[in-house]
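Data block below; observations after.
The values are calculated or read from the model by the stated rules, or taken from the named source; none is laboratory data. Keep in mind the model is a prediction, meaning the values are calculated, not measured. Note: ideal-geometry Cβ built from the backbone for every residue, glycine included; neighbour counts use all protein chains shown. Calculation scope for accessible area: heavy atoms of the full protein, side chains included, ligands and nucleic acids excluded. Shrake-Rupley method; radii C 1.70, N 1.55, O 1.52, S 1.80 Å.
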Amino acid sequence: MSMSDPLGDMLTRIRNAQHARLTMCVAPASSLRANVLDVLKREGFIRGFTREEVRPGISQLRIELKYNEGQPVIKEISRVSRPGRRVYSKIKELPRVYSGLGVSILSTPRGVMSDVEARAANVGGEVLCRVF
């Protein structure tokens, strides 16, 4: 069965794994998912991720979750732009997540980046998700 929102599925897997206090979770691989995970790693929300080949042509992402004193580093992770309602933002209209403590992840013409990187590059785009 096909998925209508693969990125939302990955975010839900991360949310559920952290709620269950797991050290890692697995999600099907795609380039968009890998780019979002790269931003999460750069911003310090996850330890890292690796791409594993399950069988020829099928691979998965193994995501290592991060905890601080037993509490998950990711307090909230939510999808903003969905397949039924795309959300785009100019860089001047992009709101800060929890006054800069959180991060919005954007898909821009220059690739997937955090809101801080997008402001530095002065480029807007589709707001994929918010992380705090």
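At least 3 residues being touching a helix residue (DSSP H, G or I) at 6+ places or on another chain (Cβ under 8 Å) and free of Cβ contacts under 8 Å to residues at least 40 places away in the same chain is the threshold, and among the strands (runs of 3 or more DSSP E) wholly inside region 1-120 those reaching it are 24-28, 46-55, 103-108. Residue count for region 121-132, restricted to those that are outside any loop (DSSP other than H, G, I, E, B) and either in contact (Cβ under 8 Å) with a residue 60 or more places away in the chain or touching a helix residue (DSSP H, G or I) at 6+ places or on another chain (Cβ under 8 Å) (or both): 5.
So how many residues does region 96-115 have that are surrounded by 14 or more Cβ atoms within 10 Å (Cβ to Cβ) and not small (Gly, Ala, Ser)? Residues meeting the conditions: 8. Within region 69-76, does at least one residue satisfy the condition of being polar (S, T, N, Q) and under 16 Å from residue 116 (Cβ atoms)? No, region 69-76 has no match at all.
Going by what's in this entry, would residue 80 be described as within 22 Å of residue 4 (Cα to Cα), open to solvent by 30 Å² or more (accessible area, probe 1.4 Å), of a type outside the set (Lys, Arg) and within 17 Å of the chain's Cα centre (by Cα)? The answer is yes for residue 80. For region 1-60, the candidate set comprises residues that are among the β-branched types (Val, Ile, Thr) and within 12 Å of the chain's Cα centre (by Cα); within that set, the residue that is surrounded by the fewest Cβ atoms within 10 Å (Cβ to Cβ) is 12. From 93, 69, 64, which residue is surrounded by fewer than 11 Cβ atoms within 10 Å (Cβ to Cβ) and on the phi < 0 side of the Ramachandran plot? When all the criteria are applied, what remains is 93.
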